[in-house]
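Taking it in order: structure first as structure tokens, then the write-up.
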Amino acid sequence: MYLAVVIDLYSRKVVGWSMSSRMKASLVCDALTMAIWQRQPKARLIVHSDQGVQYASKAYRRLIKACRQHE
């Protein structure tokens, strides 16, 4: 099993997570989607990652871009 976790750097709380038997882009997209839903960021969203291939996927980049357009 693979686990993707999104942690709020200020509060150090887990705000999004996803588990899957496969390490795919959807795993990290689901975790980020949960984090955005939980926190409803108002200010500019800053995302740091380990820069693995899933975080460089088109789907993940599109998700971040969509969040920035709603500011």
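Scanning segment 26-51 for residues being modelled with pLDDT under 85 and either under 9 Å from the mean Cα position of the chain (by Cα) or not polar (S, T, N, Q) (or both) gives a total of 10. Arg22 passes every criterion in (1) under 10 Å from the mean Cα position of the chain (by Cα); (2) surrounded by fewer than 16 Cβ atoms within 10 Å (Cβ to Cβ); (3) not polar (S, T, N, Q) apart from (1).
Among residues of segment 1-34 being of a type in the set (A, V, I, L, M) and in a strand (DSSP E or B), the one that is nearest to Gln54 (Cα to Cα) is Ala4.
The values are calculated or read from the model by the stated rules, or taken from the named source; none is laboratory data. No experiment lies behind these values; they were computed from the predicted model shown. All Cβ positions, even for glycine, are placed from backbone atoms using ideal geometry, and neighbour counts span all protein chains on display.
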